[in-house]
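Here's the structure we're looking at; comments come further down.
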Amino acid sequence: MNIKNKITLSEVIKDKNYLRTLLPKEKRTREFTTLIFTLIALALFGIFAISPTISTILSLQKQRDDSEFVLAQLQQKIKNISSLQKNYALIQTDVPVILSAIPQTPGAPLLLAQIQSVAQSTSVKLTNLQVFAVELTPLSAAGKAPSFTFSMTAQGPQQNLTQFLTALSDMQRILTFDVLAINSTTGQNEQSSLTIRGSAYFVN
């Protein structure tokens with residue numbers, strides 16, 4: 001009986017020791033679980049708390065990059081404008097000559113008056129002088145500047161007609177002669193006839 005009781009008591013003591021070994025493990029498990037949940041809570045809080053800040057930082061970074069790009073473009077445009085101003089200053093004295101050569105408008109009446117003045121100064125008689133329809137085709141479509149066609153017939157001594165033709169070629173207005181014919185006559189008057197069909201250009 002006593003021996004049986006001792007065995008039972010020994011088992012009870014062993015069971016108590018086993019329980020004692022179990023309790024710290026359960027405590028550590030609870031502490032570890034608590035730590036994990038705490039870390040998860042801190043991570044979630046950090047995400048929700050820091051996410052707007054990160055988004056704001058990224059947005060400000062993009063705005064700064066865009067501003068730097070715009071600033072670089074503006075600086076380049078300023079350099080281009082400055083270069084154009086310098087180049088324009090160099091050719092400013094040539095602008096009136098260029099506009100006289102290729103005016104911004106057809107200026108057909110002015111051209112006819114200039115031709116008549118040249119004929120008078122070279123003692124040539126104009127028997128026909130006319131201007132045809134003005135072509136307003138854009139430069140990019142036709143591959144050339146807008147122009148209009150003119151024609152004239154002049155009479156006079158051949159030497160005068162030659163001077164007249166030379167004076168027309170020396171005009172500031174750019175002219176091209178598509179048809180040029182001189183009919184010489186022999187006789188007492190020695191009158192010759194000059195026929196011209198040409199084009200005058202302008203900037204549309």
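The values are calculated or read from the model by the stated rules, or taken from the named source; none is laboratory data. Computed from a predicted model, the values in this text were never measured in an experiment. When we count neighbours, we look across all protein chains shown, and the Cβ atoms used for this are built from the backbone with ideal geometry, even at glycine. These accessible areas exclude ligands, DNA and RNA; they are computed on the full protein's heavy atoms, side chains included. Shrake-Rupley method; radii C 1.70, N 1.55, O 1.52, S 1.80 Å.
Observations on the structure shown:
- In terms of accessible area, using a 1.4 Å probe and ignoring ligands and nucleic acids, Y201, Y88 rank largest first as Y88, Y201.
- The listed residues R197, R30, R173 rank as R30, R197, R173 when sorted by accessible area, largest first, using a 1.4 Å probe.
- HN-Hα J in Hz across the stretch 117-127 - Karplus 6.51, -1.76, 1.60, θ = phi - 60°, x for Gly and Pro: 5, 5, 5, 5, 6, 9, 6, 10, 9, 8, 9
- Cβ crowding within 10 Å averaged over residues, with 102-110, 147-155 ranked highest first: 147-155, 102-110
- Accessible surface, 1.4 Å probe, highest first, among residues V124, V134: V134, V124
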